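Undergrad: I have a structure here, written as structure tokens, and I will follow up with some questions on it.
The values are calculated or read from the model by the stated rules, or taken from the named source; none is laboratory data. The shown structure was predicted, so the numbers you read here are calculated from the model rather than taken from an experiment. Positions of Cβ are backbone-derived with ideal geometry, glycine not excepted, and every protein chain shown enters the neighbour counts. The area values use the complete protein model at the heavy-atom level, side chains included, leaving out ligands, DNA and RNA. Shrake-Rupley method; radii C 1.70, N 1.55, O 1.52, S 1.80 Å.
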Amino acid sequence: LMLMLAACGGGGGGGNDSSGGGGVVPPTNTSPVLDSIGDQELFEGTRGTLVTLVASDADNDSLTFSLSGADADIFEISPDNELSLTGVLDFEAPEDADRNNVYEIVVSVSDGTASDEESIAISVFDAMEGRVIDGPVSGAAVVVTGVSGSLVEAVETDEDGFWLLPVDPESQSSEALQIVSTGGVDTATGKDLENLVLISDVPADKTAAINVNAITTILSVAETPEQQRQILDNLGIDATPDELIGSDIWEGASSGDEASQAAQRVNAQLNLIILTTQTIISSGVGDQFDAETSVLAVAAAIIEAVANADDSDLASSDVVADVITNAVANAAPDVEVPVEVVEAISEAVADTNTVLGDETVDPTSETATGVAAAGQEDLQEAVEDVSTGQTDVGTFEEETDPEILYEDVPVEDDVPDTDGDGLADTVDPDDDNDGV
């Protein structure tokens, strides 16, 4: 603002300044004004911009935003004046100075001479979170559902299979909730499993981690808690349903935990049975195929085969055949699969599950994931061909012979080949060649 002063009186005088001499009064600077921001609330795991900062200056001076305060180092301001996090906040591991999930910062704006500022608090809330495991499944669409349907829009699992839904667990009613995961890539095998549907009940403690895998999918279809416990007992898993749901079995297995490794072996076996049965159903119904309906049918058939059976061995061709037969009858009653085709497919699945269930093999190892990959791709291609009649049973048996199916599976150099058939014992379902 320029204030011009006119001199009056005679003499050779010029204008007067504040000191009595001639000149111009310096312009007066106006302080910038920061638009109100207000306290913020967000869920753990939030990414991206929290708020865009806005300020004005009557002098049109260039303005600069800055941060200070106890938790300023956890936030940043972009060149576009966007306030965002420097990382991802975890409710269970708060990083604020008070460790109470309330982050306190001061936002300032300056024109180089004067400034304005506002102190704000950013509160972080708990969210539903967990992991999807076949191997770790990335890119899966995960939702939480209740009697009225999905509670929020689907989120994608990250590269390690972890998911986080912006739902406050403690705000949920006592209604039965489930987590449903659809599709994704098994990062252990590298296979895209677009029809993979896995489900987990949300336990009473909704703040705990919720892991989603084939075992939790079977449990989600069980009618009673007693039946859930019976299923786990018969599958050889020493855990309660809630303990199993709360367990990251892939992480535990990778760390060498024997209970987690046992559970992951069962998980891999169940996944193969589910995937194979889905392939048969899909081949029969074509465009009418519904992935979730087929999975629920397989889960119900597995419960029937496992819950009250003396033989709940997932590497038994008889158990696999019963599951396939019952699931197809329920999910696709108009689809007829010849008995000899079911028997051949069941034998191939049983062979693969025998290898996947080998207690001497780490289920997260390259050998185990190689076998799982063969089951997810080569075996499924053969199942589809024989189910649709493109190949006969004899051709299918040749294509799924272990020597063909596992020929590219990596094994350690010192693994013996007891029966000398060219297959190392760890990938040989009949390593003593006795026909059993």
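Undergrad: Determine the per residue accessible area of the chain with all protein chains present and a 1.4 angstrom probe, expressed in square angstrom.
TA: In whole numbers, the chain has 48 Å² accessible per residue.
Undergrad: Given points 7 Å out from each Cα along the Cα-Cβ axis, report the GLU366 to GLU170 separation in nanometres with one decimal.
TA: Label-label distance for GLU366 and GLU170, simple model: 4.8 nm.
Undergrad: To the nearest 20 debye, what is the magnitude of the charge dipole of the chain about its Cα centre, counting +1 on the Cβ of each Lys and Arg and -1 on the Cβ of each Asp and Glu? Don't jump to the answer; show the numbers that get you there.
TA: Details: 7 positive and 93 negative charges, 603 e Å.
Dipole size: approximately 2900 debye.
Undergrad: Would you kindly derive the ³J(HN,Hα) couplings of segment 313-319 from the backbone phi angles with the Karplus curve 6.51 cos²θ - 1.76 cosθ + 1.60 (θ = phi - 60°), listing them in order in whole Hz, with x for Gly and Pro?
TA: 6, 6, 9, 8, 5, 5, 5
Undergrad: Under a Cβ-Cβ cut-off of 12 Å, what is the net charge of the residues other than ALA372 that fall near it, where Lys and Arg count +1 and Asp and Glu count -1?
TA: Summing Lys and Arg as +1 and Asp and Glu as -1 gives -3.
Undergrad: Using each residue's phi in segment 287-304, evaluate 6.51 cos²θ - 1.76 cosθ + 1.60 at θ = phi - 60° and report the 3J(HN,Hα) Karplus result to the nearest Hz, with x for Gly and Pro.
TA: 5, 7, 5, 10, 4, 5, 4, 5, 5, 4, 5, 5, 4, 5, 5, 5, 4, 4
Undergrad: Where in segment 67-112 are there GluC sites (Glu not before Pro) that are in a DSSP coil and have at most 13 other Cβ atoms within 10 angstrom of their Cβ?
TA: In loop regions of segment 67-112 (DSSP not H, G, I, E or B), the sparsely surrounded GluC sites (Glu not before Pro) are GLU92.
Undergrad: Tally up the carbon and sulfur contribution to the accessible surface of segment 204-291 as a whole percent, 1.4 Å probe, everything protein left in place. Intermediate results must be reported in sequence, preceding the final value.
TA: Numbers: 1440 of 3470 Å².
Carbon plus sulfur share of accessible area: 42 percent.
Undergrad: At what distance in angstrom do the alpha carbon centres of segment 167-237 and segment 99-141 lie from each other?
TA: Computed from Cα coordinates, the inter-centre distance equals 29 Å.
Undergrad: What are the semi-axes of the equivalent ellipsoid for segment 151-199, taken as the square roots of 5 times the Cα gyration tensor eigenvalues, largest first, in whole Å?
TA: 25, 12, 8
Undergrad: Please provide three numbers in whole Å: the alpha-carbon extents of segment 310-369 along the principal axes, with the largest listed first.
TA: Sorted largest first, the three principal extents are 41, 27, 20 Å.
Undergrad: Quick one: angle between helix 339-356 and the longest Cα principal axis of the chain, in degrees between 0 and 90, rounded to 10, please.
TA: Here the helix axis deviates by roughly 60 degrees.
Undergrad: Please grab the % of Cα pairs in segment 92-235 that end up more than 25 Å from each other.
TA: 43 percent
Undergrad: Would you report the distance distribution of C-alpha pairs in segment 36-153 as whole percents per 5 angstrom bin, up to the bin with the largest distance?
TA: Once binned at 5 Å, the Cα pair distances of segment 36-153 give 2, 9, 17, 18, 15, 12, 10, 7, 5, 3, 2, 1, 0.
Undergrad: Please list, by residue number, every one of the GluC sites (Glu not before Pro) in segment 337-436 that is coil in DSSP and has at most 11 other beta-carbon atoms within 10 Å. Don't skip to the end; give the middle numbers.
TA: Details: sites: GLU340, GLU343, GLU347, GLU359, GLU366, GLU377, GLU381, GLU384, GLU397, GLU398, GLU399, GLU403, GLU407, GLU412; in loops: GLU359, GLU377, GLU407, GLU412.
Filter output for segment 337-436: GLU359, GLU412.
Undergrad: How much of the accessible area of segment 110-186, probe 1.4 Å, is carbon plus sulfur, in whole percent?
TA: After summing per-atom areas, the C and S share lands at 46 percent.
Undergrad: Additional query: Which residue, chosen from GLY149, VAL266, GLN40, occupies the Cα position most advanced towards the positive end of the dipole of the chain, where the dipole is computed from +1 (Lys, Arg) and -1 (Asp, Glu) charges on Cβ about the Cα centre?
TA: Farthest towards the positive end: GLN40.
Undergrad: Taking the chain as the reference, fit the longest principal axis to its C-alpha atoms, fit the long axis of helix 258-285 to the helix C-alpha atoms, and give the angle between the two in degrees, 0 to 90, nearest 10.
TA: Taking the Cα atoms of the chain, the angle to 258-285 is about 80 degrees.
Undergrad: Distance from a point 7 Å along Cα→Cβ of ASP421 to each backbone N in segment 399-413: keep the residues under 11 Å and list them by number.
TA: Residues 401-404 qualify, since their backbone N sits under 11 Å from the label point.
Undergrad: Expected output is a single nm value to one decimal: the length gained when fully extending between GLU304 and GLU156, i.e. 0.36 nm times separation in residues minus the C-alpha distance. What is it? Before the final figure, lay out each step's value.
TA: Working: separation 148, 0.36 × 148 = 53.28 nm, distance 3.23 nm.
Extending this stretch completely gives an extra 50.0 nm.
Undergrad: Report the rotationally averaged projected area of segment 234-346 based on its alpha-carbon convex hull, in square nanometres.
TA: That works out to 7.6 nm², a quarter of the Cα hull's surface.
Undergrad: Give me the Debye-computed log₁₀ of I(q)/I(0) at q = 0.13 Å⁻¹ for the chain, equal point scatterers on Cα only, no solvent, two decimals.
TA: -1.09
Undergrad: Let me ask something else. Counting other C-beta atoms within 10 Å, and keeping those with at most 15, which DSSP coil GluC sites (Glu not before Pro) do you find in segment 196-247?
TA: GLU223
Undergrad: I need the P(r) histogram for segment 79-118: all alpha carbon pairs, bin width 10 Å from 0 out to the longest distance, whole percents.
TA: The distribution over segment 79-118 is 22, 40, 28, 10, 0, given as percents.
Undergrad: Can you tell me the mean projection area, over all orientations, of the convex hull of segment 65-133's alpha carbons? Units nm², please.
TA: Spelled out: convex hull of the Cα atoms, projected over all directions, averaged, 6.0 nm².
Undergrad: Under 5 Å between amide hydrogens, which residues at least 5 positions from ASP71 or on another chain qualify, with H placed 1.01 Å from N in the peptide plane?
TA: Residues meeting the amide H criterion: GLU104.
Undergrad: Still on this structure, please answer the following. Quick check: pseudo-label points 7 Å beyond the Cα along Cα→Cβ at ASP61 and ASN81, how many nm apart are they?
TA: So the label points at ASP61 and ASN81 sit 1.5 nm apart.
Undergrad: For LEU63, which sequence-distant residues (separation of 5 or more, or a different chain) have an amide H within less than 5 Å of its own amide H, given hydrogens modelled in the peptide plane?
TA: When sequence neighbours closer than 5 places are left aside, there are no close amide H contacts.
Undergrad: Another one. Can you give the relative contact order of the chain as a percent, counting alpha carbon pairs under 8 Å and 6+ residues apart?
TA: 9 percent
Undergrad: Each residue of segment 326-337 in order: what ³J(HN,Hα) in whole Hz does its phi give by Karplus 6.51 cos²θ - 1.76 cosθ + 1.60, θ = phi - 60°, with x for Gly and Pro?
TA: Karplus values, whole Hz, x for Gly and Pro: 5, 5, 5, 4, 7, 8, 9, x, 8, 8, 10, 10.
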